[in-house]
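Chemist: This is the structure I have questions about; it appears just below.
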Amino acid sequence: MASTFPFKIAAARGTDNPARQFVILAEVGNMDEYLNLFEDHGYGGTGLAWREHIETIIEEYQPGLLDHLEFDETENVFLAYADSLDAVRLFMNWVLPYFGNVGKLKKYLSQTDPSNFFR
């Protein structure tokens, strides 16, 4: 698989939960460029803000994928669990074009309304 930045992907360890076979993680607290971009558009840049936008993108383009993901973000970390490698690939297919390119993410955020999101 090509670069997945800003996301890291790993097989989940120590779990028998079939919904948590893979981990998709972004340490949002350590990404000043992303934090500043989110803040410039009226969002907090926290793991929750990432989750809301990622869920919105998936809901628009691949809503069935949400059935294969579990989210568990914190203030400084975006975290999602996937039930299969196919779910990880679909996630990357639909989310990475926005979050993997700061210019595209800026364009996306400029077209959103902060009042439609919690943070």
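What follows is calculated from the coordinates using simple rules that are stated; it is not laboratory data. No experiment lies behind these values; they were computed from the predicted model shown. Cβ sites come from the backbone with ideal geometry, for glycine too, and all protein chains shown count toward neighbours.
Chemist: At 222 nm, what helix-only mean residue ellipticity would the chain give, in deg cm²/dmol to the nearest 500, using -39500 (n - 2.57) for each DSSP H run of four or more?
Modeler: Dividing the helical sum by the residues of the chain leaves -12500 deg cm²/dmol.
Chemist: Hey, if you put +1 on the Cβ of every Lys and Arg and -1 on every Asp and Glu Cβ in the chain, which of Leu65, Leu35, Asn101 ends up farthest toward the positive end of that dipole?
Modeler: Working it through, the farthest residue towards the positive pole turns out to be Asn101.
Chemist: May I ask for the Kirkwood hydrodynamic radius of segment 8-116, worked out over all distinct Cα pairs and given in angstroms to one decimal?
Modeler: 14.1
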